[in-house]
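The values are calculated or read from the model by the stated rules, or taken from the named source; none is laboratory data. Please read all numbers here as calculations on a predicted model, not as lab measurements. Cβ coordinates were reconstructed from backbone atoms using ideal geometry, including for glycine residues, and neighbour counts include every protein chain displayed.
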């Protein structure tokens, strides 16, 4: 499958994520949109990694770790994202306990 | 180097130690101790000075260098002392008279609290230290350090009773007027350093003599430097047009007037010009100017002294007048005569001031001679010594003033007969106002209150002994410079100072000299007789016409007030009320206001809305990406 399809899909996912973050007020949905953006990036990493490995194999260029550099990055990002989710969800839970809402527009008290 | 010269550093160091002890321990020391330390350190300096003087007299001179005060590329200014005839003579005057006045002060200031008593002695010691530094310095920079030091001490001591507003104003006046002269002096030093690459007397004078008239040191340079130095001297030595601070300086305690404003500090200008005589001998224009300024000051101050009623003011104007005489001598090229008059004047003027202090002490603080009279019966020692001082300053033989004044008159006669005439007239005025003062104070009937009359008493021994010593010196002090016409080879001072001061060899017939001398003596005697006739029985009268003009000091203070002080005040007010709020404040406040305004506008970005932050972040990222995408090559 040509790399273009992966690119379009990733761009679409990422844009949805950005628009979601910008427009939604529910903290949990914003969270999900951030995850969406992260996964768009993950998708690209995997796709490019695969593509480069194929090209190198076709040109008979020796590669030390055949096509797993990008995939390793993806695992790393997943770990970080998991950690982030755990912290972020905890914050949201505390937030809900305090203001009985997860609407981020109520979170403007720090400016004072 | 002569071994005694190795002790030279002790001369200024001892008063400095005295200053530190008295100044730091003023709250702990008892009066006896601070007096003892104050006078004792000066005594030590005096002894070392004697030691050094003896060595100089037998023909030794030296420049003793201690450390480099300033050392930069192309310029080295050592902290060094010059020990020669001129400085050793001044050392003796300063420490000798300084010691007597310290002793006198112990008694005179006894009513002060012990802390301000110690403060007084610490200032006095600091003054002596600075003055010694001034005369010992082997270059203009060290001289200038001492020069500023004495100015500071003068300020501190004039304003010693600083709770009195008038006194502090007098102190400010002295300091500010001195500052005008100091600026010129400083410029002269810079000029010399730029041109000659050195500030040391020896090097500068050798350079000037070697390169005068060439492009390295042109005739203009000589004139400018000599003029600037002279302006410096007019400030310190109270000459026209900067003399008005000295009469006001009488606000200080009387011993201070005697030491600083009569015997030592005010002669610093004369010392400086005498020290620079090699430069001045090459500057005939400046010399002529000096002689006329000196003469004008002498005459002006003498006329003012005719109509003053404050005993110290009379003496102050007399000091200004005598300093004028010294400048006349300098201007006539008679440097030895000028230094001679510094010496004798130090004796008799210190004596007169201390005598007036004794009178003021007896009168319980009264200084107005209209309220005195007939004090000779109660204050016998003061009277006799004061009389000797008056005779000496009037210039009657064989007292000291006669010889020095005669030397000045002779030099003026040789230089410019017109100046001689005016100087002789001024000498008569001197005799007149001094004896007016004497008769008003000590003769006639007592004009004060009955309470004061009952209080009249002779001062204690600590005050009278310095008077007696100074009276003796006033009598014999002139015998070191007896002219050849009276006694062959008796001009010890002239030959002593010959290595330092270039003296103009004058040819004058003995008959002329006799004539000049007898003219002045007869004139002075007649003037004294006239004063006796006028003031033997004084009655107060309104002064009219010219005398009124003199009584108001020629309205010089008022003139300066109109011409300089008021305009400066107006300028200051203009700057304060108009320029400052509209320009300086506006600029400073404007910066603050702009920042505040900008902050108030930018604050709206900081809304606290997470959505807007994220939007901005995304927009910024997109912008960066776009910029990178399109601009990247």
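Descriptive notes on the structure:
- Flag for residue B:594 being away from chain A (no Cβ under 14 Å) and either surrounded by 11 or more Cβ atoms within 10 Å (Cβ to Cβ) or under 60 Å from the mean Cα position of the chain (by Cα) (or both): yes
Residue-wise test of (1) away from chain B (no Cβ under 14 Å); (2) modelled with pLDDT of 90 or more; (3) surrounded by fewer than 15 Cβ atoms within 10 Å (Cβ to Cβ).
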position: A:3; (1), (2), (3): yes, no, yes
position: A:6; (1), (2), (3): yes, yes, no
position: A:15; (1), (2), (3): no, yes, yes
position: A:36; (1), (2), (3): yes, yes, no
position: A:61; (1), (2), (3): yes, no, yes
position: A:86; (1), (2), (3): yes, yes, yes
position: A:107; (1), (2), (3): no, no, no
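- Selection status of residue B:90, outside any helix (DSSP H, G or I), under 20 Å from residue B:275 (Cβ atoms) and in contact with a helix residue (DSSP H, G or I) (Cβ under 7 Å, 6 or more places away or on another chain): no
- Any hit, region B:472-488, residues being in a loop (DSSP other than H, G, I, E, B) and under 30 Å from residue B:206 (Cβ atoms): no
- Residue B:620 being more than 14 Å from chain A (Cβ to nearest Cβ) and part of a helix (DSSP H, G or I): no
- Test: residue in region B:598-616 that is surrounded by 10 or more Cβ atoms within 10 Å (Cβ to Cβ), assigned to a helix (DSSP H, G or I) and away from chain A (no Cβ under 14 Å): yes
- The listed residue being free of Cβ contacts under 8 Å to residues at least 24 places away in the same chain, over 30 Å from residue B:226 (Cα atoms) and under 26 Å from the mean Cα position of the chain (by Cα), out of B:391, B:352, B:387: B:391
- Selected residue (only one of B:501, B:424 is more than 30 Å from residue B:82 (Cα to Cα) and within 29 Å of the chain's Cα centre (by Cα)): B:424
- Any hit, region B:375-385, residues being crowded, with 24+ Cβ neighbours inside 10 Å, assigned by TED's automatic domain parsing to the domain that holds residue B:277, closer than 26 Å to residue B:245 by Cβ and at pLDDT 90 or above: no
- Answer residue from region B:315-339, given it is outside any helix (DSSP H, G or I) and at negative phi and is surrounded by the most Cβ atoms within 10 Å (Cβ to Cβ) among those: B:332
- Just so you know, in region B:204-238 the residues that are free of Cβ contacts under 8 Å to residues at least 60 places away in the same chain and not in a helix (DSSP H, G or I) include one that is surrounded by the most Cβ atoms within 10 Å (Cβ to Cβ), and it is B:217.
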